[in-house]
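What follows draws every value from the coordinates through simple rules; no lab data is involved. The structure displayed is predicted, hence computed values, not measured ones. Quick reminder, even Gly has a Cβ in these numbers, built from the backbone with ideal geometry, and neighbours come from all protein chains shown.
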Amino acid sequence: MDIDDIADQLLARIGCFDIAQWLGELARTLELELIELMPVPVVESKVVTVADRGLALTLHHPHAGYVEQGDPARWVLTDAEFALAAGSQPGWPGALPLGMDKRNSTRESIKALLGEATTPITPSDIAAGERRETYVMNDGRALEVTWSRTLTGIDRLHLARLGRPMRFAPTRIEGGSDEL
């Protein structure tokens, strides 16, 4: 797996289970031990911060508290967050999902890609320093964009899925890399 493929692959798998084999590939690419992503004993929620890459992942296991070692296929990727303007920490070095441009994306270019923001920012939000907008795709995947101060370029991108976890099924994401 290439670092530039990770964001599209995370977006495809957000809110999904049956991703254990892929989590192994992700761990190798990010130079993590697999147990960091799928700990034993299982925990209800595991936040994995890859600070040197500006990435945070949250995984959930529905059987935590009931079994010591849960079914690996039941791990769910619930959240992924890319820090792009990370201050003293390195930012995410790879590509963003759907061909988003971390330095040159604008509200208009993201609107063309994802449609209207579900929670757009208003002039009063901007005046208060709030620069977050959320876009919800038809399948329930949500992308929260935190814009740079100039509203050109992305400081942070948060991925999640609304609704219940679902089995991962390979699909093509518009604007993204090949089948994920």
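One chain, two ends: ILE126 and MET166. Fully extended at 0.36 nm per residue, the span grows by 10.8 nm beyond their Cα-Cα distance. For THR78, the residues whose amide H sits under 5 Å from its own are GLY15, THR58, LEU59, HIS60, ignoring neighbours fewer than 5 places away on the same chain, with H placed 1.01 Å from N. Taking a ≥ b ≥ c as the square roots of the eigenvalues of the Cα gyration tensor, an a/c ratio of 1.5 or more together with a/b larger than b/c marks the chain as prolate. The HN-Hα couplings worked out from phi for segment 69-78 by the Karplus form 6.51 cos²θ - 1.76 cosθ + 1.60 (θ = phi - 60°) are 10, x, 4, x, 5, 8, 4, 10, 7, 9 Hz, whole numbers, x standing for Gly and Pro. Residue by residue, segment 141-155 carries 3J(HN,Hα) couplings of 6, 10, 10, 9, 9, 9, 7, 5, 4, 8, 6, 10, x, 10, 8 Hz when phi is fed to the Karplus relation 6.51 cos²θ - 1.76 cosθ + 1.60 (θ = phi - 60°); x denotes Gly or Pro. Temperature 4 °C, viscosity 1.567 mPa s: under these conditions the Stokes-Einstein estimate for segment 91-161, based on its Kirkwood radius over C-alpha pairs, is 105 µm² per second.
Highest GNM mean-square fluctuation among LEU143, LEU55, LEU23, for the chain modelled with Cα contacts below 10 Å: LEU23. A cut-off under 9 angstrom between Cβ atoms defines the neighbours of THR29, and their net charge, with Lys, Arg +1 and Asp, Glu -1, is -3. Measuring between their Cα centroids, segment 95-156 and segment 21-74 lie 28 Å from each other.
Amide H contacts of THR118 (H built 1.01 Å from N, in plane; Pro and chain starts excluded): THR134, TYR135, VAL136 sit under 5 Å, all sequence-distant by 5 or more or on other chains. Near TYR135: Cβ cut-off under 12 Å, other residues only, Lys/Arg at +1 and Asp/Glu at -1. The net charge is +1.
When you filter the chymotrypsin sites (Phe, Trp or Tyr not before Pro) in segment 23-119 for DSSP loop state and at most 12 other Cβ atoms inside 10 Å of their Cβ, you are left with TYR66. How would you classify segment 1-86 from its alpha-carbon gyration tensor, with a ≥ b ≥ c the square roots of the eigenvalues: rounded for a/c under 1.5, else prolate if a/b is greater than b/c, otherwise oblate? Because a/c hits 1.5 or more and a/b exceeds b/c, segment 1-86 counts as prolate. Amide H contacts under 5 Å for LEU96: LYS102, restricted to partners 5 or more places along the chain or on a different chain, H placed in the peptide plane at 1.01 Å from N.
Exposed loop sites are taken as trypsin sites (Lys or Arg not before Pro) in a DSSP loop (any state but H, G, I, E or B) with at most 15 other beta carbon atoms within 10 Å; the longest stretch of the chain without one runs 1-102. So what does log10 I(q)/I(0) come out to for segment 57-99 at q = 0.13 Å⁻¹, using the Debye formula with one equal point on every Cα and no solvent? Scattering profile of segment 57-99, log10 relative to I(0): -0.48. Measuring r between the beta carbons of THR49 and THR119 and using R0 = 30 Å, the FRET efficiency lands at 0.70.
The value of relative contact order for the chain, using C-alpha pairs under 8 Å at least six residues apart, is 25 percent.
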